[in-house]
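The values are calculated or read from the model by the stated rules, or taken from the named source; none is laboratory data. Note that the structure is a prediction, hence the values are computed from the model and not measured. Because the Cβ atoms are built from the backbone with ideal geometry, glycine has one as well, and the counts that use them run over all protein chains shown. Surface accessibility is based on the protein's heavy atoms, side chains included, excluding ligands, DNA and RNA. Shrake-Rupley method; radii C 1.70, N 1.55, O 1.52, S 1.80 Å.
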Amino acid sequence: PPAAAPAFRAPSDAIPADLDLALRIDLARIRAAIGESAFEILKQGSHPAAGSSDPDALLGEAISRADTVWIALRPSERGDATDSVTVLKGRFAELDPRRLAKGEWGPPTDLGADWRRFERKRPVSRARPARIYARSDDLLVFVTPAALDSVERRLERGIADEHLDPTEKGVFSVDARPAPLARLVSGR
C-alpha cells in the first residue's frame, strides 16, 4: 500500500529532534509594522533575484512570500557546516522550484494529502537545501543534507519525538538547548 501522508499538525512539527536552536519570526507582523515598501527594500538587499545563478535565490524568493518562518539549526563555528531546516508558511502558489531554479530540482514526488517532495538533482554542500517538502500552496520545508533522515522520519514516517518548538506569539521567539550552544561559544 502507498505510504501514509505526512503526519503534521503545526509547522514546527517539521523540526527534527537533533537540532539545537529554533527561531520563529513573524514576517507578516514585521511587514505591517515597517510597511510593505520598506520591507521590499530590505528584501532586495538581502537575497539574489529569483532565476539568478545563485543557488540560494529560490530560498530567498520563498522567504519574501512567507508570513512566518521557523529556522532550526545545529550551529557550527563555520557557516558552511551548519545543518538546518527552514519552514515557511505563506503564499507559494506560483513558486515552483523547477522553474525558479532551473536545472537544480527534480520533479515532485506525490506524498499524499497535497504534500510533494522535491529532491536536488546534484549533491550540495552541507549548509544548502537538498530537499524541499511542499504542502498545498501554503507551506514549504527546506532541508539540508544532514537533516534529511530526521525530517523524513518525522514527516513521512510519522515518528514524533521531542523537538524544539518556539512559541507562536510575538514577533520573534526562540527555543534552544543551552548545553550545545555553550560548548560552541565556550572557547571564545
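Being over 16 Å from S173 (Cα atoms) and aliphatic (A, V, I, L, M) is the filter here; which residues of region 20-32 pass it?
A32 - this is the single residue of region 20-32 that is over 16 Å from S173 (Cα atoms) and aliphatic (A, V, I, L, M).
Among the residues of region 22-46, what is the count of those that are charged (D, E, K, R), at pLDDT 85 or above and open to solvent by 60 Å² or more (accessible area, probe 1.4 Å)?
1
Hey, among the residues in region 60-91 that are without any contact (Cβ under 8 Å) to a residue 40 or more places away in the chain and of a type in the set (K, R), which one's surrounded by the most Cβ atoms within 10 Å (Cβ to Cβ)?
For region 60-91, the residue satisfying everything is R65.
Does region 114-126 contain at least one residue that is of a type in the set (V, I, T) and at pLDDT below 90?
Among the residues of region 114-126, at least one is of a type in the set (V, I, T) and at pLDDT below 90, which makes the answer yes.
Does G187 satisfy being at pLDDT 90 or above and farther than 26 Å from P97 by Cβ?
So G187 does not fit the description; no.
E94 is checked against (1) outside any loop (DSSP other than H, G, I, E, B); (2) open to solvent by 10 Å² or more (accessible area, probe 1.4 Å) and fails just one. What number does that condition carry?
Tallying (1) outside any loop (DSSP other than H, G, I, E, B); (2) open to solvent by 10 Å² or more (accessible area, probe 1.4 Å), E94 fails exactly one: (1).
Any residue at all in region 113-131 that is under 17 Å from the mean Cα position of the chain (by Cα) and assigned to a helix (DSSP H, G or I)?
no
Considering only region 97-113, state which residues are at pLDDT 90 or above and either in contact with a Gly (Cβ under 9 Å, 6 or more places away or on another chain) or open to solvent by 60 Å² or more (accessible area, probe 1.4 Å) (or both).
Passing the criteria: P107, D110.
Could you please find all residues in region 131-143 being open to solvent by less than 50 Å² (accessible area, probe 1.4 Å) and under 15 Å from A10 (Cα atoms)?
The answer is Y133, A134, S136, D138, L139, L140, V141.
Do the conditions hold for T167, that is, is it at pLDDT 90 or above, open to solvent by 30 Å² or more (accessible area, probe 1.4 Å), closer than 22 Å to R65 by Cα and among the hydroxyl-bearing types (S, T, Y)?
Considered against the rule, which asks whether it is at pLDDT 90 or above, open to solvent by 30 Å² or more (accessible area, probe 1.4 Å), closer than 22 Å to R65 by Cα and among the hydroxyl-bearing types (S, T, Y), T167 comes out as yes.
Being in a strand (DSSP E or B) and open to solvent by less than 100 Å² (accessible area, probe 1.4 Å) is the filter; apply it to region 170-188 and report the residue that is nearest to R31 (Cα to Cα).
Of everything passing the filter in region 170-188, S173 is nearest to R31 (Cα to Cα).
Answer yes if at least one residue in region 144-162 is over 19 Å from P11 (Cα atoms) and either surrounded by fewer than 17 Cβ atoms within 10 Å (Cβ to Cβ) or out of contact with any Leu (no Cβ under 8 Å at 6 or more places or on another chain) (or both), and no otherwise.
Taking every residue of region 144-162 in turn, at least one turns out to be over 19 Å from P11 (Cα atoms) and either surrounded by fewer than 17 Cβ atoms within 10 Å (Cβ to Cβ) or out of contact with any Leu (no Cβ under 8 Å at 6 or more places or on another chain) (or both).
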